[in-house]
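The values are calculated or read from the model by the stated rules, or taken from the named source; none is laboratory data. From a predicted model like this one, the values you see are computed outputs, not experimental measurements. Using ideal geometry, Cβ is built from the backbone for each residue, glycine included, and neighbour counts are taken over all protein chains shown. Heads up: the accessible areas ignore ligands, DNA and RNA and are worked out on the full protein's heavy atoms, side chains in. Shrake-Rupley method; radii C 1.70, N 1.55, O 1.52, S 1.80 Å.
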Amino acid sequence: MAIDTATYAVPLARTITDMRAQVSAWRAVGETIALVPTMGALHEGHLSLIDVAKAHGATKAIVSIFVNPTQFGPGEDFEAYPRTEASDAEKLAGRAGLIFAPIGAEMYPDGYGTTVSVKGVTNTLEGEARPTHFDGVATIVSKLLLAALPDCAIFGEKDYQQLLTIRRMVSDLRIPVEILGGPILREPDGLALSSRNVYLTGTERKAAGQLNIILRETADAISAGGDIKALTNDAETKLLALGFDKIDYLTVRNTKTLQPVETLTEEARILVAAKIGQPRLLDNMSVEFRG
Ligand code: PAF
């Protein structure tokens, strides 16, 4: 194969070999390369990660688009996950230097037998709700990083536990890539942008917009000295009253270890995963420590 410059406005590589050829050509002329791993269905949140990379000094951005089967559990939405390559490519025009959109066998060769598994930070929250998820994420992200060997790679803070997991993995495996976090982008009512928001019906969408507001109020009340357990319980009750079906967790955690925080003695993170209709919405934000 070769890099395809005809299909989309942005050059497209389907194989690791082709992507590496482009990376080498860029390296030869001194470019600084960023990788933005995605599963496609791109929205402004993804595009903002390219801006983070550029603000950090990257001169070329590779956006990978790959719906990674190993990070979906049984009964999750792997088949239904939106696949919108052509419109994704349009959104990337003028922003990305290369799209890397491999087919499955390129990332998971026949008979593959290697999994990357990160312990510690994955043992809670999403790791409890989705026991195989982070092995899938760590495995694909390590493959993507080793395939491209960019200068930096950027991940959204919306998946805060994923960002911590990737930082741990890159540090443990000594992968020579700088990991950057991108702030959460939000709709006008504050709903965190997510490819899965398309699953929300009209009434669910309205209730979903309250999630960040309740989280913000809870974080502020905790910063002001309120009781963490009482306030997080109240927030769960409010969400259920609004029509959320199930709260997997709404909890205040240490920003690095994700261990539960019972009393605020430093900045912490409040994180939520809540199901409404089909989607399970994630959000998180800082809980300021005011001493
Ligand atoms: O955050 C995502 O979209 C995915 O988990 C990632 C990092 C692209 C790995 O498949």
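Data for the structure
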item	result
Distance between modelled label sites at E187 and L146, nm, 7 Å Cα→Cβ extension	4.0
Contact order relative to length of the range 1-88, as percent, for alpha carbon pairs under 8 angstrom and 6 or more apart	27
Contact order relative to length of the range 150-252, as percent, for alpha carbon pairs under 8 angstrom and 6 or more apart	19
Per residue solvent-accessible surface (Å²) - the chain, probe of 1.4 Å	46
Cα→Cβ-extended label distance, 7 Å offset, between T265 and T132, nm	4.0
Mean ellipticity per residue at 222 nm, deg cm²/dmol - from DSSP H runs of n ≥ 4 across the chain, formula -39500 (n - 2.57)	-11500 deg cm²/dmol
Bridge type composition, the chain - antiparallel percent by DSSP, nearest 5	50
Average Cα contact separation per residue, the chain, under 8 Å, 6 or more apart, as relative contact order %	16
Which of R174, R290 is most accessible, then next, and so on - probe 1.4 Å	R174, R290
Cleavage-rule hits (chymotrypsin sites (Phe, Trp or Tyr not before Pro)) in the range 226-291: DSSP loop, at most 16 neighbouring Cβ within 10 angstrom	F289
Net length gained if the chain between E288 and S87 were fully extended (0.36 nm per residue, minus Cα distance)	68.5 nm
When each of K143/K206; K206/K229; K91/K246; K54/K143; K158/K238 is checked by Cα-Cα distance, pairs over 31 Å	K143/K206; K91/K246
Efficiency of FRET from Cβ geometry, S24 and D110, R₀ 22 Å, rounded to 0.05	0.25
D151 accessible area, 1.4 Å probe, all protein chains in place, Å² to nearest 10	60
Sequence-distant residues sharing a close amide H with D245 (under 5 Å, placed H)	K275, I276, G277
